[in-house]
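In what follows, a single structure is set out as structure tokens and then discussed.
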Amino acid sequence: MKVLLIYPVYPDTFWSFKHILPFISRKAAFPPLGLLTVAAMLPTQWEKRLVDVNVAPLRDEDLAWADMVFISAMLVQEAGARDVIARARNMGKRIVAGGPAFTAQPERFRGVDHFVLNEAEITLPPFLDDLARGTPKPVYASSERPDISRTPLPQWDLIDFRDYVTMSVQYSRGCPFDCEFCDIVVMNGRRPRVKPVEQMLRELESLHDAGWRGPVFIVDDNFIGNVASVKQFLPRLIDWQTRHGYPFKFMTEASINLARDGELVRMMSNANFHKVFIGIETPSTDSLEECGKKQNVSMDFPEAIKTLHQNGLQVMGGFIVGFDSDTEGIFEQQIRFIQKIGVVTAMVGILTAMPQTRLWRRLKAENRLLGDATGENTDASLNFIPAMNREALINGYKRLLATLYSPEYYYARINTFLKNYTPTARGRLARSDFRAFLNSLWRIGILSRARFDYWKLLAKTALTKRKALPVAVELAILGRHFQLVAKRALSAMDAWADAPEGDPSQTG
């Protein structure tokens, strides 16, 4: 059996980081970890190839080679997935699809022969058994949560490390919190399941042995969801990093209660974590209570963010407007809040009702759903009727986005961040870091309208906090990406503003 695993194109979004790729001569930000793991679950005697369309185009020769095509995608990749399905169908290939987009709404994808949904550790084996018997079914689904200690090591040999900025691994699945808008509980449940320490170290060792050195994204829903297990894992990880000379710099996702646990923060810093994404959402207590974000309600965010920055953990934040409790003052409130806490990478989006979430079910019961979610955080594609006036929401969001990513505000946040930031990351700078710096001198320092802010940032950082200079350069480069994404989003919103009220055709 010849199997072609395909990862569809990822559009130009906040998290695609496409505009930083020319600075470092890479083709994509992250590899398709799900497909690499699924590949390791397939029979060893099968021939396997992987095409990441974000790295190289899908050729007819690739499809002609295959007996069967496996596709995995997130909602934001829907258009690319449809294209792959159509091409594979036209060439008469058997198509197997799984992953978040297909699990959420398989009915949106016609032409798939077999849906292998939910978590592959449970649903892939029966599909393979039925396939061997010649009786595969159209859909394999299960609400059972697998023991991920049985998850195999990703098949790293299917990709070229030189194509990617950051590698990905997974330590746990699930989150103990149940925010109304979040689909993590729908996908992976509320009880965080973790890999045993020895298994996780084997996975990192396999990545190291395969030749990777550099950033590693631990793609957990909430890395600290099971604090007791994490505190058992981190000392072993620190020891592994020390013995190997700190080959990896980690980033991950966590809840804000991390800042209240000094021991955990220090452990993560000592293990060479340097970035953490946190769903901060909003400074409005009413909106936090509305969406069930209880862990954020009593948090002193300026102090919490300062604590993390002082321990070398750069906070990347998610923010939302459009809650029912939001008034038209929320936009200015968000701007002041984000500037004050110094979260440079601030992803701000309009609330979206993701399929099967508590929010989706509530809005459906209230007859407020308009259409499907696009999975894009910044395209302003309202898929529900907001409590706030639609025009006021879109115009306020446009002002928010335009302000936050203007050079003036963006570089002000960098300076606020650097005041409290203590660089702790270990390991040598890579050749790509020097290449990025040299490219930034021209692309930002000469060609960009942010050039004066860029040179002031470099001079000030070199004089006052030299060890943070690589981070300052990286944030300047990221700013270029965010400004271009914001510009595209603002153009899209101009089209949205002209659309009829409640027009479902405008929801993607």
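Values quoted throughout were computed directly from the atomic coordinates according to the rules given, and no laboratory measurement underlies them. Owing to the predicted nature of the structure, the values given are computational and were not obtained by experimental measurement. Note: ideal-geometry Cβ built from the backbone for every residue, glycine included; neighbour counts use all protein chains shown.
Cβ-Cβ distance of residue 452 and residue 227, R₀ of 45 Å, FRET efficiency by 1/(1 + (r/R0)^6): the value works out to about 0.50. Take 94-100, 134-140, 23-29, 359-365 and order them by the average number of nearby Cβ atoms within 10 Å per residue, most first; the result is 94-100, 23-29, 359-365, 134-140.
Extension gain, residue 209 to residue 420, is 72.3 nm, computed as 0.36 nm per intervening residue step minus the present C-alpha separation. Applying 1/(1 + (r/R0)^6) with R0 = 51 Å to the Cβ-Cβ distance of residue 435 and residue 387 gives a FRET efficiency near 0.60. The orientation-averaged projected area of the convex hull spanned by the Cα atoms of region 93-162 comes to 6.4 nm². Annotation: amide H of residue 280 within the under-5 Å range of 318, sequence separation 5 or more or interchain, hydrogens built in the peptide plane. Can you say what percent of the DSSP beta bridges in the chain, counting only those with both residues inside, are antiparallel? Round to 5. Taking every DSSP beta bridge with both residues in the chain, the antiparallel ones total about 5 percent.
Label-to-label distance for residue 366 and residue 263 is 4.2 nm, based on points extended 7 Å past Cα in the beta-carbon direction. With Rh defined as the Kirkwood radius, the inverse of the mean 1/r over Cα pairs, the Rg/Rh of region 166-401 is 1.00.
Please report Rg over Rh for region 2-140, where both radii come from the alpha carbon positions and Rh follows the Kirkwood definition. Ratio of gyration radius to Kirkwood radius for region 2-140: 0.96.
Ordering of 306-317, 61-72 by packing is 306-317, 61-72, highest average first (other Cβ atoms within 10 Å, averaged per residue). Segment residue 492..residue 110, full-extension length gain: 134.8 nm, with 0.36 nm per residue of separation and the alpha-carbon distance subtracted. Using just its DSSP H runs of length 4 or more, each adding -39500 (n - 2.57), the chain gives a mean residue ellipticity at 222 nm of -13000 deg cm²/dmol after division by all residues. Distant-in-sequence amide contacts of residue 7, defined by a placed amide H-H separation under 5 Å and a gap of 5 or more residues or a different chain, comprise 51, 52, 53.
In a fully extended conformation the segment linking residue 142 and residue 46 would gain 32.0 nm over its present Cα-Cα distance, using 0.36 nm per residue.
Evaluated at q = 0.08, 0.09, 0.12 Å⁻¹, a Debye calculation over the C-alpha positions of the chain (equal weights, vacuum) places log10 I(q)/I(0) at -0.50, -0.64, -1.22.
On the basis of the beta-carbon distance and an R0 of 22 Å, residue 178 and residue 12 show a calculated FRET efficiency of 0.10.
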